[in-house]
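Below is one structure; the comments refer to it alone.
The values are calculated or read from the model by the stated rules, or taken from the named source; none is laboratory data. Remember, it's a predicted structure, so these values are computed and weren't measured experimentally. When we count neighbours, we look across all protein chains shown, and the Cβ atoms used for this are built from the backbone with ideal geometry, even at glycine.
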Amino acid sequence: MRIAVLADIHGNVLALDAVLDDLRRRGGADLTVNLGDSVSGPLWPRETFARLEALNLPTVRGNHDRRVACDPADETMWASDVYAQERFTLAQREVLFAQPLTLEIAPGVIAFHARPDHDEKYLLDAIVDGQLVRAPLAAIRRRLKALDPACRIALCGHSHRAELIRIPDGPVIFNPGSIGCPAYDDSTPPAHVSEQGSPHARYGIVTLGGADQPGRFEAIAVDYDHEAAARQAEQAGRPEWAHALRTGFMPG
């Protein structure tokens, strides 16, 4: 069984279409899962929502999906969430909020956005000198306590950093990276940035093995018209997004 893993599209329908085209060229997948944060961003939230609605993929809710779905008066709203929310109907926002926190997409394969018990806390990452880096194994183990013991493969996103970690005597954890947002800054203390280091759209393919074999994992980077996406961000008044989309880094 081949599972295509999409995450953190953030309203970048151009990057999403490039990934879907690349997946078709590779022979497609038996199942495609969306790990959330689908629409928030100063790009094409409505178009991205429509594309995903037509695909009807199994999808988990990301922290930005939850924020876009919340009341407009909520003080936790960030500019990218407001941009998306203003372009959605109440019914569309309700669809976002109704997505589950976790989803078992195949026996022993569990999908979630950030952690199995939280949509906004990092699983595989720590913050060191304002940058996301891989967290110590002991910390990752503690964060996995809410995970079903029968899980052999966990699929997550949120950090926008491609990672593949096999926990000794535990599951394999795979983060494919972000399709539509290759870098971001987060002012939540401690303030930090995440940077993929290139403008490519990232996704993954997992080929399941037998019960005692976790399978094959492919982290894929796809080129697309990131300059058009950057111009869209500039038109929306978000030059830092434009820089990230062009380079994969936040402005220095």
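Can you go through ARG87, ARG93 and tell me which one is more than 16 Å from PRO58 (Cα to Cα), surrounded by fewer than 18 Cβ atoms within 10 Å (Cβ to Cβ) and touching a residue at least 12 places away in the same chain (Cβ under 8 Å)? Write out each step before concluding.
On the way: ARG93 fails: surrounded by fewer than 18 Cβ atoms within 10 Å (Cβ to Cβ).
Answer to the selection: ARG87.
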Would it be correct to say that ARG26 is surrounded by fewer than 24 Cβ atoms within 10 Å (Cβ to Cβ) and in contact with a Ser or Thr (Cβ under 7 Å, 6 or more places away or on another chain)? no
All but one of (1) at pLDDT below 95; (2) farther than 30 Å from ARG166 by Cα hold for GLY209; which doesn't? (2)
For VAL193: the one exception among (1) more than 30 Å from GLY108 (Cα to Cα); (2) buried (at least 18 other Cβ atoms within 10 Å of the Cβ); (3) touching an Asp or Glu at 6+ places or on another chain (Cβ under 7 Å): (2)
Mind listing whichever residues of segment 125-150 are more than 18 Å from PRO189 (Cα to Cα), aliphatic (A, V, I, L, M) and surrounded by 14 or more Cβ atoms within 10 Å (Cβ to Cβ)? ALA139, ILE140, LEU144, LEU147
Can you confirm whether GLY248 is within 21 Å of LEU132 (Cβ to Cβ) and not basic (Lys, Arg)? yes
Output the residue which, of all residues in segment 140-164 that are in contact with a Phe, Trp or Tyr (Cβ under 8 Å, 6 or more places away or on another chain) and of a type in the set (A, V, I, L, M, F, W, C), is nearest to ASN12 (Cα to Cα). CYS156
Just to be sure I understand the filter: pairs with C-beta atoms under 6 Å, separated by 6 or more residues or on different chains, first member in segment 8-19 and closer than 12 Å to GLY177 by Cβ and at pLDDT 95 or above, second member hydrophobic (A, V, I, L, M, F, W, C) and part of a helix (DSSP H, G or I). Which pairs pass? ILE9/LEU16
